[in-house]
Amino acid sequence: MAKKIAYKLEGRKKTSEAFSFLAKIVEVNYGPSKKKILANPSPNRPLIIEDVEEALKLIQVQDKLENTAIKSLLEAALKTKSETGGGLSTTIILAQVIFEEGLKQIALGTDSIQLKKELDSQVLRIEKKLKELAIPVKTKEDALKIAKTVSKNNKKVTSLISQAIDLVGEKGLISVEKTNNCDSTVFLKEGFYLPRGYLSPYFITDPKMMLSILETPRVFITDKKLTTAQEIVAILKLLPKKESSLFIVAAGLEKEALETVVLNNVKREFNICAIKTLQEKELLLDLATFSGSTICSSEAGDSLDKLDEKHLGRVKHIQVMSDRTMIIGENEPEKKSFMRKVALIKIGGKTQFEITNEKILIEKALKAIYVAQQDGMVSGGGNGFIQALNSLERTSCALNVLQKALQRPSEIISKLVRESKNPYLDDVFDPVNMSVKALQNAVSIASLLLSAEVIVI
């Protein structure tokens, strides 16, 4: 098959066009802007899209070089969002300016590899400054500031999160699901929290929020490592044909076992998610009690080739993230010591579009609140970046590049606020780690493509 080869001048020109193309799209919907995007993913099926991520995923241009650059930048932006709950548009905006200003430095004689080193060094300075500026997120009011920013001051979203926090506290467990009712409600449920995330991103069922969601799954728990395909098959054989999902807690999944589970998920035969066994034996026993399962235990001399249905439990709902798991049970167990209260937000609305959009906003806001509770928050609207500018080393060749890039989010938002007469910049905050990850990923992809001497498509 013939390959297209672009050397640095042509490659950089196409990359510049691709980055500018994406930046113009996200600027429309950036910050306080609630403008919609019209897309036509298939003939005679135009869509009005509110979530810019959905619009970006539909982009496919004819030029292969531009398309490669678009996909590369989008991948970096999606990484920011999956890690922090937001920052997708900020990553794109920063990367576009860094690439443009980087080209100017290279034209003046700066070596692209040296520029990359200087950018990486300066990012560390900015990261340190942002974390020094961070304000701890401790109260309900702090959490709602993040929810307000992420949801673009959506009062319904903020109100539902506020009700949920009232039920379970600032660091309580909150789950979200759709309902066919017109009204949205918040319930208090019994739940179980595990400080473990999925063993593989192939277990993700909701790519938008990077979650694995299992409805009424069977639960299998063992303190052993699963090493072979036969062991996975033995567990699957326990499942009646009507069952569609399985949650595995094991000491680990070796390559063959993991490949078997991944292949199963790709084929969609069952929806399986696995996490690593907890070190706390008491907590593992609590989970078995909660789910109604029997642990396949080394201490008890249990064998993975002699399993029966008693080893399978069941719960109502499981939501697995990269670093934690939340479980809601079917019945309220007798033992209470290991339980955590869960606020269940049921999203209703007049249309599926409305319900889906509000569910996405609440999930984004909850993820951002969680991230902010770990490392704090900084002034939003691009102000955090402006405040971090004085940490830059004045003699660095990356100075002008990052000065222009860090000012750009604030410039765009200020313009949108003036146009809409929206007092958005009042009391707006971002998780500090969202700002840090957006800058890190923007610098990473922009400097990588600036240093590319040849692009082969």
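Between 278, 239, which is more than 21 Å from residue 200 (Cα to Cα) and either surrounded by fewer than 22 Cβ atoms within 10 Å (Cβ to Cβ) or without any contact (Cβ under 8 Å) to a residue 40 or more places away in the chain (or both)?
Working: 278 fails: more than 21 Å from residue 200 (Cα to Cα).
Just a single option satisfies the conditions, and that option is 239.
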Could we say that residue 176 is buried (at least 17 other Cβ atoms within 10 Å of the Cβ), assigned to a loop (DSSP other than H, G, I, E, B), modelled with pLDDT of 90 or more and in contact with a strand residue (DSSP E or B) (Cβ under 8 Å, 6 or more places away or on another chain) here? no
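Quick one: which of 135, 146 is modelled with pLDDT of 90 or more and farther than 26 Å from residue 206 by Cβ?
Values: 146 fails: farther than 26 Å from residue 206 by Cβ.
None of the other options fit; the residue is 135.
Filtering region 295-333 down to residues that are of a type in the set (Ser, Thr, Tyr) and in contact (Cβ under 8 Å) with a residue 60 or more places away in the chain, which residue is farthest from residue 234 (Cα to Cα)?
Step one: list which residues in region 295-333 are of a type in the set (Ser, Thr, Tyr), which gives 297-298, 303, 322, 325.
Remaining after also requiring in contact (Cβ under 8 Å) with a residue 60 or more places away in the chain: 297-298, 322, 325.
Numbers: 297: 16, 298: 17, 322: 27, 325: 25 Å.
For region 295-333, the residue satisfying everything is 322.
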Mind checking which pairs have a first residue in region 395-421 that is assigned by TED's automatic domain parsing to the domain that holds residue 104 and in a loop (DSSP other than H, G, I, E, B) and a second that is surrounded by 18 or more Cβ atoms within 10 Å (Cβ to Cβ) and of a type outside the set (S, T, N, Q), Cβ under 7 Å, 6 or more apart or different chains? 396/118; 397/115; 397/118; 398/115; 398/118; 398/119
If I filter region 377-394 down to residues being under 21 Å from residue 121 (Cα atoms) and hydrophobic (A, V, I, L, M, F, W, C), which single residue comes out as modelled with the lowest pLDDT? 392
Residues of region 199-250 being more than 16 Å from residue 287 (Cβ to Cβ) and assigned to a strand (DSSP E or B), which ones? 206, 211, 212, 213, 215, 225, 226, 245
Residues of region 259-304 being of a type in the set (Ser, Thr, Tyr) and part of a loop (DSSP other than H, G, I, E, B), in sequence order, are 277, 293, 294, 297, 298, 303
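Does residue 72 satisfy being farther than 19 Å from residue 37 by Cα, in a helix (DSSP H, G or I) and not aromatic (Phe, Trp, Tyr)? Step through it out loud before you land on a result.
Numbers: farther than 19 Å from residue 37 by Cα: yes; in a helix (DSSP H, G or I): yes; not aromatic (Phe, Trp, Tyr): yes.
The answer is yes for residue 72.
Could you tell me whether any residue of region 49-58 is at pLDDT 85 or above and β-branched (Val, Ile, Thr)?
So the first thing to find is which residues in region 49-58 are at pLDDT 85 or above, and the list is none.
Among the residues of region 49-58, not one is at pLDDT 85 or above and β-branched (Val, Ile, Thr), which makes the answer no.
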Quick check on my filter: what residues within region 104-124 are touching a residue at least 12 places away in the same chain (Cβ under 8 Å) and aliphatic (A, V, I, L, M)? 106, 113, 115, 119, 123
Are any of the residues in region 73-94 closer than 17 Å to residue 435 by Cβ, out of contact with any helix residue (DSSP H, G or I) (no Cβ under 7 Å at 6 or more places or on another chain) and touching a residue at least 40 places away in the same chain (Cβ under 8 Å)? yes
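Which ones in region 286-315 are of a type in the set (A, V, I, L, M) and surrounded by fewer than 16 Cβ atoms within 10 Å (Cβ to Cβ)? Working first, answer last.
Step one: of region 286-315, the residues of a type in the set (A, V, I, L, M) are 287-288, 295, 300, 304, 307, 312, 315.
Once the filter is applied, which keeps residues that are of a type in the set (A, V, I, L, M) and surrounded by fewer than 16 Cβ atoms within 10 Å (Cβ to Cβ), region 286-315 yields only 300.
Identify, from the list 104, 152, the residue that is surrounded by fewer than 20 Cβ atoms within 10 Å (Cβ to Cβ), in the same structural domain as residue 383 (by TED's automatic domain parsing) and either within 22 Å of the chain's Cα centre (by Cα) or not in a loop (DSSP other than H, G, I, E, B) (or both). First the steps, then the outcome.
Details: 152 fails: in the same structural domain as residue 383 (by TED's automatic domain parsing).
From the options 104, 152, the qualifying one is 104.
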Residues of region 250-261 satisfying the condition of being farther than 15 Å from residue 197 by Cα and either more than 24 Å from the chain's Cα centre (by Cα) or surrounded by fewer than 17 Cβ atoms within 10 Å (Cβ to Cβ) (or both): 254, 255, 256, 257, 259, 260
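The values are calculated or read from the model by the stated rules, or taken from the named source; none is laboratory data. In this text the structure is predicted, and so the values were computed from the model without any measurement. Glycine gets a Cβ as well: all are built from the backbone with ideal geometry, and neighbour counts include every protein chain shown.
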